[in-house]
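Working notes, beginning with the structure itself.
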Amino acid sequence: MKYILFLSAILAVPQAFSAELFVRPDGGTWAQCNGATNMAYGASITDKKCAVKHIFELLDPQHQTVRIEGGDTINILNHEDGTIAEYELGRHGDYTDDKCDVNWAYDCYMPPIPSGTEQNPTRIRGEGWDTGCQNPPSLWGSNRAYRLFTIKNAEYIEMSCLELTDHSSCVGASGYPDSSLRCNRSKPYDKPFADIGIYMADATEIKLTDLTIKGLATGISAGRLGNITLTRTHLFANHSAGWNGDISGEDSVTGTILFDESAITFSGCGLVHEPGSEKHNTPHGCAKQALGGYGDGLGTGETGGDWIFQDSKIMYNNSDGIDLLYHELGGTVTVKNSRIEGNG
């Protein structure tokens with residue numbers, strides 16, 4: 001009898017099912033493909049068994065429609081010949097309605113990623129995530145998009161093997177003496193730059209692995225956090241700050257923020273975007289606060305929590321490397337086997 005009761009209990013437990021979805025440059029729209037099959041879209045596809053062409057088809061910024069469930073995996077692929085795929089994020093092409101209207105193009109960013117569970121996290125990962133991430137797909141922001149990804153009121157989300165950037169060399173320092181380098185934030189909103197790589201708020205159990213977030217205004221803007229782990233993640237040449245923990249309202253961290261084998265470098269500098277040039281991907285236009293910039297590698301408002309920096313580099317940021325001056329609400333700050341030098 002006890003075995004029958006035990007079997008009944010097992011059968012009563014709801015089973016978690018998750019989908020694996022595919023984004024590739026030769027995919028189709030949501031109307032053409034359901035994303036569940038790693039296959040290009042073509043005229044012969046009549047059953048929607050093909051990949052979608054853009055992550056916007058799954059996390060629609062125009063109408064704030066979420067077409068995935070918590071616990072699903074989104075695989076973002078390169079071109080079939082192995083060359084790196086570049087996906088534009090922001091108002092462009094087919095994505096020009098509602099929140100992507102030309103008059104408020106800065107609102108053209110994806111809705112928040114849905115929560116997963118401890119056993120089944122929601123994953124967004126680039127091709128090569130399991131083979132060393134040598135050539136991550138590039139997701140670049142345009143038309144003054146306020147942010148690229150949003151993690152809000154969420155838990156158990158993993159992002160890996162992606163480059164987040166834009167295609168502009170501009171800097172955001174309003175007082176920077178060379179006005180030709182300042183980002184043009186006025187209408188029309190058709191400039192190839194974006195503001196924030198990842199915005200996180202009221203989030204916990206988030207893992208960011210093998211990400212490069214570079215050349216934006218702010219790499220990560222985050223507050224009211226639980227446990228966040230960054231592994232082999234580089235915040236590079238974001239011209240306001242690498243990590244800005246001073247968001248609106250109460251910002252305090254209560255969990256553990258772990259930087260493991262990660263780096264925050266050249267915050268306060270712009271990043272040259274001139275493909276084919278020797279200057280491409282080099283920092284320039286660096287501006288500390290005295291020049292109207294900011295330039296902290298990591299800065300927060302009043303906060304707590306346990307901050308751990310291990311096997312990491314915090315280097316050549318224009319203001320403070322790690323500014324935890326306002327770490328006043330309990331917790332610890334630990335630095336292990338890390339290199340922190342050349343900060344302003």
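Okay, here's what the table says:
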| item | result |
| --- | --- |
| Enumeration of residues in region 254-279 that are surrounded by fewer than 15 Cβ atoms within 10 Å (Cβ to Cβ) and either touching a residue at least 60 places away in the same chain (Cβ under 8 Å) or within 26 Å of residue 174 (Cβ to Cβ) (or both) | 274, 279 |
| Among (1) hydrophobic (A, V, I, L, M, F, W, C); (2) closer than 19 Å to residue 172 by Cα; (3) without any contact (Cβ under 8 Å) to a residue 60 or more places away in the chain; (4) open to solvent by 40 Å² or more (accessible area, probe 1.4 Å) - the single one residue 291 does not satisfy | (3) |
| Residues of region 125-147 that turn out to be over 14 Å from residue 218 (Cα atoms) and part of a loop (DSSP other than H, G, I, E, B), as a count | 13 |
| Odd one out for residue 296, checked against (1) modelled with pLDDT of 95 or more; (2) surrounded by fewer than 23 Cβ atoms within 10 Å (Cβ to Cβ); (3) charged (D, E, K, R) | (2) |
| Condition broken by residue 196, with the remaining ones in (1) crowded, with 23+ Cβ neighbours inside 10 Å; (2) under 24 Å from residue 277 (Cα atoms); (3) touching a Phe, Trp or Tyr at 6+ places or on another chain (Cβ under 7 Å) satisfied | (2) |
| Unmet criterion (only one of (1) open to solvent by 70 Å² or more (accessible area, probe 1.4 Å); (2) under 17 Å from residue 147 (Cβ atoms)) for residue 113 | (1) |
| Only listed residue being assigned to a strand (DSSP E or B) and open to solvent by 20 Å² or more (accessible area, probe 1.4 Å), chosen from 150, 229, 165 | 229 |
| Residues of region 166-183 classified as farther than 13 Å from residue 286 by Cα and either under 23 Å from the mean Cα position of the chain (by Cα) or at pLDDT 95 or above (or both), total | 4 |
| From 199, 109, residue being modelled with pLDDT of 95 or more, of a type in the set (Ser, Thr, Tyr), more than 18 Å from residue 242 (Cβ to Cβ) and touching a Ser or Thr at 6+ places or on another chain (Cβ under 8 Å) | 109 |
| Pairs where the first residue, in region 61-90, is within 23 Å of residue 156 (Cβ to Cβ) and of a type in the set (Gly, Ala, Ser) and the second is open to solvent by 20 Å² or more (accessible area, probe 1.4 Å) and modelled with pLDDT under 95, C-beta under 6 Å, 6+ apart | 71/18 |
| Filtered residues of region 137-146 (kept if in contact with a Gly (Cβ under 8 Å, 6 or more places away or on another chain) and open to solvent by 30 Å² or more (accessible area, probe 1.4 Å)) | 144 |
| Of all residues in region 315-338 being touching a Ser or Thr at 6+ places or on another chain (Cβ under 8 Å) and not in a loop (DSSP other than H, G, I, E, B), the one that is farthest from residue 243 (Cα to Cα) | 327 |
| Residue in region 122-135 that is within 17 Å of residue 200 (Cα to Cα), of a type in the set (D, E, K, R) and buried (at least 19 other Cβ atoms within 10 Å of the Cβ) present | yes |
| Selection count, region 84-102, where residues are farther than 11 Å from residue 138 by Cα and open to solvent by 70 Å² or more (accessible area, probe 1.4 Å) | 4 |
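Residue-wise test of (1) within 19 Å of residue 225 (Cα to Cα); (2) open to solvent by 40 Å² or more (accessible area, probe 1.4 Å); (3) of a type outside the set (A, V, I, L, M, F, W, C); (4) over 22 Å from the mean Cα position of the chain (by Cα).
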{"position": "310", "(1), (2), (3), (4)": "no, yes, yes, no"}
{"position": "313", "(1), (2), (3), (4)": "no, yes, yes, no"}
{"position": "317", "(1), (2), (3), (4)": "no, no, yes, no"}
{"position": "320", "(1), (2), (3), (4)": "no, yes, yes, yes"}
{"position": "326", "(1), (2), (3), (4)": "yes, yes, yes, yes"}
{"position": "333", "(1), (2), (3), (4)": "yes, yes, no, yes"}
{"position": "337", "(1), (2), (3), (4)": "no, yes, yes, yes"}
{"position": "344", "(1), (2), (3), (4)": "no, yes, yes, yes"}
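The values are calculated or read from the model by the stated rules, or taken from the named source; none is laboratory data. Keep in mind it's a predicted model, so treat the numbers as computed, not measured. As a convention, Cβ positions derive from the backbone with ideal geometry for all residues, glycine included, and neighbour counts pool all protein chains shown. Heads up: the accessible areas ignore ligands, DNA and RNA and are worked out on the full protein's heavy atoms, side chains in. Shrake-Rupley method; radii C 1.70, N 1.55, O 1.52, S 1.80 Å.
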